[in-house]
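Take a look at the structure below.
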Amino acid sequence: MDFSMSDEQALIVETVRRFVESEIIPLEADLDPDAGELEPDDAARLTQMTRDMGFYGLDIPAEYGGPGLDTTTRALMAIEMSKHRAGLYNPCYGTFGGAGLAQLYEATEEQKERWLYPTLRGEKTGCFALTEPSGGSDPGRAIRTRGFKDGDEWVLNGSKLFISGADKADYALLFARTSDDPGRNGVTAFIVDTDTPGFNVRRVVHTLRATRYATELEFTDMRVPESHVLGEVNGGFGIANDRLSRQRIPYAAGCLGPAIMAQEMAIEWARSRETFGSVLAEKQAVQWMIVDNEIDIRHGRWCVLEAAQKADRGERFRTEAAMAKLVASEAAGRVVDRCIQIHGGIGVTKDLPLERWYRELRIRRIGEGPSEVQRLIMARDILGGSFK
């Protein structure tokens with residue numbers, strides 16, 4: 001398999017790299033180490049730059065005005081965009097734009113006019129409300145939010161947990177159980193405006209991440225019109241699963257940027273830091289950590305690009321995407337951990353970005369499906385069967 005970049009990909013990667021190095025990293029020098037946003041003027045200026053580059057809205061399909069990037073190019077860009085302090089969860093602070101919720105591309109034209117097109121224009125934001133307190137790793141069976149039909153409306157009651165951005169969203173893509181089927185075939189997707197009576201953001205859930213991220217939601221006798229059903233009634237899990245599968249490749253790629261930066265920092269530190277009469281680079285223990293880092297980074301990159309290339313060829317890539325997510329998230333965590341060890345005390349201070357990457361990479365082993373679920377997905381594909 002050829003992982004060399006085309007001339008066009010190499011130019012795109014270099015363009016994004018220069019943007020991060022010349023525009024993003026200098027701004028971070030004046031931000032709080034845990035900052036998640038740029039000053040409005042800076043954000044507007046850099047967003048205009050990405051528009052001028054033709055890269056705004058990276059994940060928007062070409063037919064909706066996006067750049068129409070293939071998965072491999074998108075993964076290569078994700079690596080570069082995450083190479084700064086806030087890069088794991090705020091790559092380039094959102095200045096490359098988002099794609100809205102991918103499921104809305106399958107919405108009816110009326111639904112697109114109300115939610116998708118305003119989202120693409122930056123007029124509305126949405127959130128993805130799937131996970132529940134009863135078990136986020138098995139959403140098809142764990143969903144207990146219930147919906148029942150009352151005339152031409154649905155009445156929803158229940159709760160969601162770890163929902164990103166719900167406190168700032170204009171609408172939610174919300175999944176509820178709408179039949180007595182206890183599994184995946186009884187779930188329906190609804191598009192719900194967050195100002196709907198009965199929609200409650202109960203609290204912000206604080207995690208290892210520094211910036212506000214997760215929320216807990218509660219729905220009490222919330223009435224949703226039939227026209228707000230996305231797709232087919234009881235067909236919502238397929239919509240949710242599509243998102244999870246597609247997102248794993250760029251999600252995995254984004255883990256590698258901080259790992260690569262951490263390795264570069266550790267090498268520079270090891271070459272210059274003197275202890276016990278010689279630089280750290282001459283210590284075998286440090287040499288082996290650097291080598292192990294390199295193995296982890298290359299292994300993660302190989303898995304990411306293999307999954308991306310299979311996706312671009314139209315082949316089945318579920319196993320490869322699961323492997324990329326598993327390998328990249330775990331490998332990057334090990335790399336940053338070793339780099340902190342190499343730096344010693346300075347490594348755990350907020351003078352360096354290592355401690356933030358360390359905290360946030362721990363979450364990456366859970367987000368978009370924990371490592372154990374990725375292993376289960378691969379086992380199903382390799383051995384066959386569902387292992388219920």
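Having 2 or more residues that are open to solvent by less than 30 Å² (accessible area, probe 1.4 Å), within 24 Å of residue 245 (Cα to Cα) and basic (Lys, Arg) is the bar; report the helices (runs of 4 or more DSSP H) wholly within the range 63-178 that clear it.
Numbers: elements: 71-81, 117-120, 139-142.
Those helices (runs of 4 or more DSSP H) do not exist here; none qualify.
What pairs come out if I take residues in the range 217-239 that are assigned to a loop (DSSP other than H, G, I, E, B) and pair them with residues that are small (Gly, Ala, Ser) whose C-beta lies under 6 Å away, six or more apart or interchain?
Final answer for the pair search is 231/189; 234/179; 234/186.
Looking only at the range 1-24, how many residues end up being crowded, with 16+ Cβ neighbours inside 10 Å, among the hydrophobic types (A, V, I, L, M, F, W, C) and in a helix (DSSP H, G or I)?
6
In the range 182-194, is there at least one residue being modelled with pLDDT under 90, within 24 Å of the chain's Cα centre (by Cα) and hydroxyl-bearing (Ser, Thr, Tyr)?
no
So in the range 30-62, with the set limited to residues that are among the aliphatic types (A, V, I, L, M) and part of a helix (DSSP H, G or I), which one is farthest from residue 19 (Cα to Cα)?
Narrowing the range 30-62 to residues among the aliphatic types (A, V, I, L, M): 31, 35, 38, 43-44, 46, 49, 53, 58, 60, 62.
Now narrow it down to the ones that are part of a helix (DSSP H, G or I): 43-44, 46, 49, 53, 62.
Working: 43: 13, 44: 15, 46: 9, 49: 9, 53: 10, 62: 23 Å.
Restricting to residues being among the aliphatic types (A, V, I, L, M) and part of a helix (DSSP H, G or I), the top hit is 62.
Matching residues to (1) closer than 30 Å to residue 17 by Cα; (2) not hydrophobic (A, V, I, L, M, F, W, C):
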residue: 225; (1), (2): no, yes
residue: 233; (1), (2): no, no
residue: 236; (1), (2): no, yes
residue: 239; (1), (2): no, no
residue: 247; (1), (2): yes, yes
residue: 258; (1), (2): yes, yes
residue: 265; (1), (2): yes, no
residue: 277; (1), (2): no, yes
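Determine, yes or no, whether residue 240 is modelled with pLDDT under 95, of a type in the set (A, V, I, L, M), closer than 24 Å to residue 311 by Cβ and open to solvent by less than 10 Å² (accessible area, probe 1.4 Å).
On the way: modelled with pLDDT under 95: yes; of a type in the set (A, V, I, L, M): yes; closer than 24 Å to residue 311 by Cβ: yes; open to solvent by less than 10 Å² (accessible area, probe 1.4 Å): yes.
Considered against the rule, which asks whether it is modelled with pLDDT under 95, of a type in the set (A, V, I, L, M), closer than 24 Å to residue 311 by Cβ and open to solvent by less than 10 Å² (accessible area, probe 1.4 Å), residue 240 comes out as yes.
Just name the residue that is nearest to residue 338 (Cα to Cα) out of those in the range 356-388 that are open to solvent by 60 Å² or more (accessible area, probe 1.4 Å) and aromatic (Phe, Trp, Tyr).
358
Taking residue 310 as meeting all but one of (1) closer than 15 Å to residue 250 by Cα; (2) in contact (Cβ under 8 Å) with a residue 12 or more places away in the chain, write down the number of the exception.
The failed condition is (2).
Residue check: is residue 334 farther than 20 Å from residue 71 by Cβ, touching a residue at least 60 places away in the same chain (Cβ under 8 Å) and basic (Lys, Arg)? Please lay out each step first, then the result.
Values: farther than 20 Å from residue 71 by Cβ: yes; touching a residue at least 60 places away in the same chain (Cβ under 8 Å): no; basic (Lys, Arg): yes.
Spelling it out, it is not the case that residue 334 is farther than 20 Å from residue 71 by Cβ, touching a residue at least 60 places away in the same chain (Cβ under 8 Å) and basic (Lys, Arg).
Filter the range 307-333 down to residues that are of a type in the set (A, V, I, L, M) and within 19 Å of residue 382 (Cβ to Cβ) and give me whichever is most open to solvent (accessible area, probe 1.4 Å). Working first, answer last.
To start, the set of residues in the range 307-333 that are of a type in the set (A, V, I, L, M) comprises 307-308, 311, 321-324, 326-328, 331-332.
The next check asks that each one be within 19 Å of residue 382 (Cβ to Cβ); those that pass are 307, 311, 321-324, 326-327.
Working: 307: 0, 311: 25, 321: 3, 322: 0, 323: 63, 324: 0, 326: 16, 327: 22 Å².
The qualifying residue most open to solvent (accessible area, probe 1.4 Å) is 323.
For the range 1-17, give me the residue count where each residue is under 22 Å from the mean Cα position of the chain (by Cα) and aliphatic (A, V, I, L, M).
3
Hey, among 336, 304, 348, which residue is in contact with a helix residue (DSSP H, G or I) (Cβ under 6 Å, 6 or more places away or on another chain), farther than 22 Å from residue 72 by Cβ and open to solvent by less than 20 Å² (accessible area, probe 1.4 Å)? Give the derivation first.
Working: 304 fails: farther than 22 Å from residue 72 by Cβ; 348 fails: open to solvent by less than 20 Å² (accessible area, probe 1.4 Å).
So the residue among 336, 304, 348 that is in contact with a helix residue (DSSP H, G or I) (Cβ under 6 Å, 6 or more places away or on another chain), farther than 22 Å from residue 72 by Cβ and open to solvent by less than 20 Å² (accessible area, probe 1.4 Å) is 336.
The values are calculated or read from the model by the stated rules, or taken from the named source; none is laboratory data. All figures in this text were calculated on a predicted structure; none of them were measured in a lab. Cβ sites come from the backbone with ideal geometry, for glycine too, and all protein chains shown count toward neighbours. With ligands, DNA and RNA removed, areas are computed over all heavy atoms of the protein, side chains included. Shrake-Rupley method; radii C 1.70, N 1.55, O 1.52, S 1.80 Å.
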